[in-house]
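J.: Sharing a structure below in structure tokens format, with a few things to ask.
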Amino acid sequence: MPPLITREEALELGKIEDHAEIEKLVERAWRVRLERFGDSTDLCSLVNAKSGGCAEDCGFCAQSRYASADTPMHPMMEPEQILEHAKAAEAAGAHRFCMVTQGQGLSKRDFEKILEGARLVAEHTNLKRCVSIGHISPERARKLKEAGVQRVHHNVETARSYYPEVSTTVRY
């Protein structure tokens, strides 16, 4: 799907301050959404497949060891546990299932568990599959695709110019 506007045009839209013009922009965005995607929703459920104790200092994340949240800690789930959570999510009405882990990336062993979990979810449910597992190489991206993962989330939560305020331990 080609972009509807250029990057420069998008940046100009961000400068709009007039309330009436903002309302027009929001209305047009809604019409584009309806034209391109309809009025349906895509409910996503996630499993915290590896939780807590992350060495990074991302200010938005409860999994950081620096966070004040009382986040439970557990090692990487087994693929069968991931599947159990996916089946429960589907039974509750989810359309998509995301496997989330803490940290900048996974060990080879933990990555293999994510791959097998994704395969099981693809085989035993009708859920769309995604992951949020930190940095990945092109090779790992290929393996994720082969395992049935359709989306990979990233951990870039803000603009490059503001990123140092969010995290000092993770590269942009």
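J.: Taking the chain as the reference, fit the longest principal axis to its C-alpha atoms, fit the long axis of helix 108-124 to the helix C-alpha atoms, and give the angle between the two in degrees, 0 to 90, nearest 10.
T.: Compared with the principal axis, the helix lies near 80 degrees.
J.: For Cα pairs less than 8 Å apart in space and 6+ apart in sequence, what is the mean separation divided by the residue count of region 74-171, i.e. the relative contact order in percent?
T.: Working: 114 pairs, mean separation 28.4, N = 98.
RCO, region 74-171: 29 percent.
J.: In region 1-42, if every C-alpha pair distance is counted and binned at 10 Å from zero, what percent goes to each bin?
T.: 24, 47, 28, 1
J.: Computed on alpha carbon atoms, what radius of gyration and Dmax characterise region 1-150, expressed in Å?
T.: Taking only Cα atoms of region 1-150, I get Rg and Dmax of 19.2, 54 Å.
J.: Could I ask something else about it? Of all trypsin sites (Lys or Arg not before Pro) in region 73-163, which ones are in loop regions per DSSP and have a Cβ with at most 10 other Cβ atoms within 10 Å?
T.: Values: sites: 87, 96, 108, 109, 113, 119, 128, 129, 140, 142, 143, 145, 151, 160; in loops: 160.
Here the trypsin sites (Lys or Arg not before Pro) that fit, given the DSSP loop and packing criteria, are 160.
J.: Summing Lys, Arg as +1 and Asp, Glu as -1, what charge do residues with Cβ under 15 Å from the Cβ of residue 146 carry, residue 146 excluded?
T.: +3
J.: How big is region 62-172 by the Kirkwood estimate over distinct Cα pairs, in Å? Don't jump to the answer; show the numbers that get you there.
T.: Numbers: mean 1/r = 0.0661 Å⁻¹.
One over the average 1/r among Cα pairs gives 15.1 Å for region 62-172.
J.: Same structure, new question: Residue-wise, which Karplus ³J(HN,Hα) couplings in Hz belong to region 133-139, taking 6.51 cos²θ - 1.76 cosθ + 1.60, θ = phi - 60°, and x for glycine or proline?
T.: Karplus-based 3J(HN,Hα) across region 133-139 equals 10, x, 5, 9, 8, x, 5 Hz.
The numbers here are math on the coordinates, done by the rules we state, and not lab data. Remember, predicted model here, so these are calculated numbers, not experimental data. Please note: Cβ atoms are built from the backbone with ideal geometry, for glycine as well, and neighbour counts cover all protein chains shown.
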